[in-house]
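Everything on this sheet refers to the single structure shown next.
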Amino acid sequence: MYLNLKELLKKYKGETGIGAFNLHCMEMFPYIVKGAQKTNSPVIIQTSKATAEYIGLDWLVSTAKLYSRQIDLCLHLDHCTDIGFIKKAINAGYSSVMYDGSYLSYEENVKNTIEVVNYASKFNVSVEGEIGNIGGSEDGIAEKTNSIVYTKVEDAIDFVDRTNIDALAVAIGTVHGLYNGKAKINFGLLNELTDKLEDVGMVLHGGTGVSDEDFHKCAIKGMMKFNVGTELNKSYIDNINKDFQSATPTTSLRKLLNNANESIEKIVEHRTNIIKL
Ligand code: 13P
């Protein structure tokens with residue numbers, strides 16, 4: 001079924017955390033779905049603005065709706081700072097969007113997030129917001145884990161109250177991209193956040209490099225959406241680098257992509273399995 005983020009989180013609360021996988025190219029789409037199906041899990045497929053522009057909003061929405069006949073699926077726009085583009089994605093049929101105003105002053109972030117929520121609610125589209133600074137890079141460059149600005153509980157409560165968002169990206173010790181060191185997750189902070197904000201879906205960003213044990217522990221402690229991006233990109237490139245070395249112009253391109261595609265399925269299968277409760 002094609003669901004928005006709020007509906008998806010509500011349906012699976014107490015049963016499983018939900019994997020949100022960043023799509024980097026069209027080929028990955030069916031393999032993300034297959035991986036989630038292996039563990040009977042729902043799935044969130046998310047794109048950056050750049051990926052959405054590369055592939056095309058209409059292709060993404062049509063494909064998401066096609067696959068949602070076989071699986072509970074949400075199509076989400078990840079980390080978007082451009083409200084005009086968010087509206088385009090909503091108009092095209094995305095079921096969920098993230099407005100990222102974490103780089104702005106707190107008050108500006110609140111104001112812009114409210115604008116996005118007001119627009120999205122007319123189309124039954126969910127909204128994820130962010131406060132604090134998760135840090136890191138989506139381009140494969142690691143950030144030191146000691147540069148994170150942890151989410152303050154009182155800010156999170158105020159932000160959710162005023163914006164009415166459905167999901168909140170929290171900075172609890174993970175960073176985007178490849179880690180320089182092991183992620184130091186502040187489980188005490190996560191406990192406090194999930195205790196005080198029961199009605200909003202808590203989102204873990206920077207899933208790449210977080211250990212299986214920590215992933216599972218976050219799910220137990222009430223984290224609901226688990227973002228994984230770099231791990232898919234890295235695995236795809238590692239496989240392509242290896243397999244294309246011996247390619248000639250007549251080698252089947254399809255066969256050359258086999259290992260890369262299957263690696264996506266395996267990562268999604270593994271990650272969705274460890275966030276089950
Ligand atoms: P990683 O690339 O570190 O897995 O993070 C993905 C993410 O949080 C996307 O918003």
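The values are calculated or read from the model by the stated rules, or taken from the named source; none is laboratory data. If you're wondering where the values come from, they're calculated on a predicted model, not measured in any experiment. For neighbour counting, all protein chains shown are included, and Cβ atoms are generated from backbone atoms with ideal geometry for every residue, glycine included.
Okay, here's what the table says:
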read-out: Yes/no for Gly229 being at pLDDT below 95, under 15 Å from the mean Cα position of the chain (by Cα) and near the ligand (Cβ under 10 Å from one of its atoms); value: no
read-out: Single residue of region 121-152 satisfying the filter (at pLDDT 95 or above and not aromatic (Phe, Trp, Tyr)) that is nearest to the ligand (Cβ to nearest atom); value: Glu128
read-out: For Ile240: the one exception among (1) farther than 26 Å from Cys74 by Cα; (2) within 16 Å of the chain's Cα centre (by Cα); (3) not basic (Lys, Arg); value: (2)
read-out: Unique residue being touching a residue at least 12 places away in the same chain (Cβ under 8 Å), touching a helix residue (DSSP H, G or I) at 6+ places or on another chain (Cβ under 8 Å), within 12 Å of the ligand (Cβ to nearest atom) and over 18 Å from Asp100 (Cα atoms) when the list is Phe187, Phe215; value: Phe215
read-out: Neighbours by Cβ (under 7 Å, 6+ apart or cross-chain): first from region 22-37, over 15 Å from Cys74 (Cα atoms); second in a loop (DSSP other than H, G, I, E, B) and modelled with pLDDT of 95 or more; value: Glu27/Leu257
read-out: All positions within region 100-128 that are free of Cβ contacts under 8 Å to residues at least 40 places away in the same chain, assigned to a loop (DSSP other than H, G, I, E, B) and hydrophobic (A, V, I, L, M, F, W, C); value: Leu104, Phe123
read-out: Residue check for Ile157: more than 23 Å from Gly84 (Cβ to Cβ), at pLDDT 95 or above and surrounded by 14 or more Cβ atoms within 10 Å (Cβ to Cβ); value: yes
